[in-house]
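Asker: Pasting in a structure now, in structure tokens, and then I'll have a few things to ask.
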Amino acid sequence: MTSANPASPVAARAPGLPRRLLTDSGYVLLGLPLALASLVVLLVGLALGLGLVVLVVGLPILTGTLYAARGLADIERLRLAAVRRQPRIRPRYRLPEPGATAWRRIFLPMRDIQSWLDLAHGIFRLPVAIVTFVVTITWWAVALTGTLYATYDWAIPHPPENVELNELLGLGDTTRARVGLHTAIGLFFLLTLPIVVRGCALVQAGFGRAMLTGVAEMRDRITVLEEQKRAAVSAEATALRRLERDIHDGPQQRLVRLAMDLGRARQQLANDPEAAGRTLDEALDQTRETLAELRGLSRGIAPPILVDRGLPGALAALAGRGLIPIELRVDPDLGTPDGRPEAAVEHAAYFVVAEALTNVAKHARASECRVTVGRRDGHLEISVVDDGQGGAHLAKGHGLAGIADRVRAGGGVLEVTSPTGGPTEIRALLPG
């Protein structure tokens, strides 16, 4: 059974235009007083600290200034999260060792690169804040005064000797021309207000991101890549060990027996042709069983149907071989040329479902299973639910550990919900 991919809830969660406009405006307008306060506090602290460093007392002042910069940076990181629509990212600052002396604690922030970046942001953010503040205030002022011009034009004196803008543009000196021109200008500024304010907010937030979270994001990305690399190595090692074990326990033993049967048949051929024929029949059965086992092992690696027909066809074939009833719901677009994920993601998805179904058949004691595969929020979502006894977890040495390694190696996330007594849900999100 196949089903269409459910509608993405991103649009429902996205903030409305008025709310976004107010958020961006508040971010930009509040940025100026915060930038002024940061400049005064940090510049005075830095000057005092450097000026008194020869008297030693400047070192604690400098350390206190760096801690003040860290606090002001944390305030800005909280504001950045709302503008960039992303969770707050806080760098990992150096922490004092247990039992560290007072001087070690004083020098600790000075050895932290991020502390100096926080200080630089607090000092040099003022020019950016001024420019974005002026542009935002100007756009708001012109938008409001222009669109509402018709309500207060009567209160503005218009002496005959004054040349109005509408006269300079050749629109005449009538009240209608004057009101129409100012209203049109106000409408233009009002319509472009969300774009301009959003641009100002992104400029200010971009400077803050580069100084306050850029290094942290890079370090987090390096950490994620290292974890993915370790997971990929672990997944491949586990797959190779399992393949070696399966070959040793299955096809290799059958091939050894096949060789022995053929040797015995050769000896029987001259003395007892009938016995030789029976031995050859047994050898033929061994050959068929060996080929069947090899085909089963090859399906676990990368079945040809996955390459030919994509995930829908491969998973349908996999579900058809299940030992218990399996309800399969796969987005049909995943099998089309335009909708197919990358080969690595496709193989990982097939591996997740295959291994999950194997664990269900071996350990879950389930009577039925449901497999759902579709796209959501730019990810390939895989869900395998069974009504078994539950108690599954991701500890090393269990069947799900290999699935977790394969998913992490592909940049995805695996979640297992399996209370005692069931049901069990294995849910994987893969990029693509």
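Asker: Which one is surrounded by the fewest Cβ atoms within 10 Å (Cβ to Cβ), of the residues in segment 183-207 that are small (Gly, Ala, Ser) and within 9 Å of Gly146 (Cα to Cα)?
Answerer: Looking at the filtered set, the residue picked out is Ala184.
Asker: Does Gly214 qualify as being at positive phi and at pLDDT below 85?
Answerer: When the stated conditions are applied, Gly214 does not pass them.
Asker: Would you please name the residue that is surrounded by the fewest Cβ atoms within 10 Å (Cβ to Cβ), looking only at residues in segment 339-372 that are charged (D, E, K, R) and in a helix (DSSP H, G or I)?
Answerer: Only one residue tops the list, namely Lys362.
Asker: Additional query: In the set Ala361, Ala344, Ala354, Ala348, which member is assigned by TED's automatic domain parsing to the domain that holds Val413, under 19 Å from Gly402 (Cα atoms) and at pLDDT below 80?
Answerer: Going through Ala361, Ala344, Ala354, Ala348 in turn, just one is assigned by TED's automatic domain parsing to the domain that holds Val413, under 19 Å from Gly402 (Cα atoms) and at pLDDT below 80: Ala344.
Asker: Further, regarding this structure: Output the number of residues of segment 320-331 satisfying the condition of being at pLDDT 85 or above and either polar (S, T, N, Q) or not in a loop (DSSP other than H, G, I, E, B) (or both).
Answerer: So the count comes out to 5.
Asker: Is it true that some residue in segment 85-92 is at positive phi and either of a type in the set (D, E, K, R) or over 33 Å from the mean Cα position of the chain (by Cα) (or both)?
Answerer: yes
Asker: Select from segment 21-42 the residues that are surrounded by 15 or more Cβ atoms within 10 Å (Cβ to Cβ) and either under 27 Å from Arg111 (Cβ atoms) or among the hydrophobic types (A, V, I, L, M, F, W, C) (or both) and list them in ascending order.
Answerer: Residues satisfying the conditions are Leu21, Val28, Leu29, Leu32, Leu34, Ala35, Ser38, Leu39, Val41, Leu42.
Asker: Here's something else I'd like to know. Are any residues in segment 158-208 closer than 15 Å to Leu22 by Cα and not β-branched (Val, Ile, Thr), and if so, which ones?
Answerer: Hits for segment 158-208 are Leu190, Leu191, Leu193, Pro194, Arg198, Gly199, Cys200, Ala201, Leu202.
Asker: Additional query: Residue by residue through segment 99-124, note down the ones that are in contact with a Lys or Arg (Cβ under 9 Å, 6 or more places away or on another chain), loosely packed, with under 13 Cβ neighbours inside 10 Å and part of a loop (DSSP other than H, G, I, E, B).
Answerer: none
For every residue, the table says whether it meets (1) outside the structural domain of Ser25 (by TED's automatic domain parsing); (2) surrounded by 14 or more Cβ atoms within 10 Å (Cβ to Cβ); (3) touching a strand residue (DSSP E or B) at 6+ places or on another chain (Cβ under 9 Å); (4) in a helix (DSSP H, G or I).
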site: Glu97; (1), (2), (3), (4): no, no, no, no
site: Ala129; (1), (2), (3), (4): no, yes, no, yes
site: Thr138; (1), (2), (3), (4): no, no, no, yes
site: Tyr152; (1), (2), (3), (4): no, no, no, yes
site: Pro159; (1), (2), (3), (4): no, no, no, no
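Asker: Next question. Mind telling me which of the residues Val40, Val44, Val28, Val83 ends up being without any contact (Cβ under 8 Å) to a residue 24 or more places away in the chain, part of a helix (DSSP H, G or I) and under 15 Å from Arg125 (Cβ atoms)?
Answerer: Being without any contact (Cβ under 8 Å) to a residue 24 or more places away in the chain, part of a helix (DSSP H, G or I) and under 15 Å from Arg125 (Cβ atoms) holds for just one of Val40, Val44, Val28, Val83, which is Val40.
Asker: Still on this structure: For Arg88, are the conditions met, namely being at pLDDT below 90 and closer than 17 Å to Arg209 by Cβ?
Answerer: Considered against the rule, which asks whether it is at pLDDT below 90 and closer than 17 Å to Arg209 by Cβ, Arg88 comes out as yes.
Asker: Search segment 177-192 for residues that are under 13 Å from Trp139 (Cβ atoms) and pair each with any residue that is crowded, with 17+ Cβ neighbours inside 10 Å and among the hydroxyl-bearing types (Ser, Thr, Tyr) when their beta-carbon atoms are under 8 Å apart and the residues are at least 6 apart or on different chains.
Answerer: As it stands, the answer is Gly186/Thr147; Gly186/Tyr149; Leu187/Thr147; Leu190/Thr147, since those pairs meet every condition given.
Asker: If you don't mind, another one. Only residues in segment 338-358 that are under 14 Å from Leu429 (Cα atoms) count as the first member; pair them with residues that are of a type in the set (Val, Ile, Thr) and assigned to a helix (DSSP H, G or I), Cβ under 8 angstrom, at least 6 apart or cross-chain, and list the lot.
Answerer: Correct list of pairs: Ala348/Val407; Phe351/Ile403; Val352/Ile403; Val352/Val407.
Asker: Tell me yes or no: at least one residue of segment 107-116 is under 27 Å from Met211 (Cβ atoms), more than 36 Å from the chain's Cα centre (by Cα) and either in contact (Cβ under 8 Å) with a residue 40 or more places away in the chain or not assigned by TED's automatic domain parsing to the domain that holds Pro33 (or both).
Answerer: Scanning segment 107-116, I find at least one residue that is under 27 Å from Met211 (Cβ atoms), more than 36 Å from the chain's Cα centre (by Cα) and either in contact (Cβ under 8 Å) with a residue 40 or more places away in the chain or not assigned by TED's automatic domain parsing to the domain that holds Pro33 (or both), so the answer is yes.
Asker: Looking at (1) modelled with pLDDT of 80 or more; (2) in contact with a helix residue (DSSP H, G or I) (Cβ under 9 Å, 6 or more places away or on another chain), which one does Leu78 not meet, given that it meets all the others?
Answerer: All conditions are met except number (2).
Asker: Still on this structure: Please give the number of the condition Leu171 fails out of (1) loosely packed, with under 15 Cβ neighbours inside 10 Å; (2) part of a loop (DSSP other than H, G, I, E, B).
Answerer: (1)
The values are calculated or read from the model by the stated rules, or taken from the named source; none is laboratory data. These numbers come from a predicted model, not from an experiment. Neighbour counts run over all protein chains shown; Cβ positions are idealised from the backbone, glycine included.
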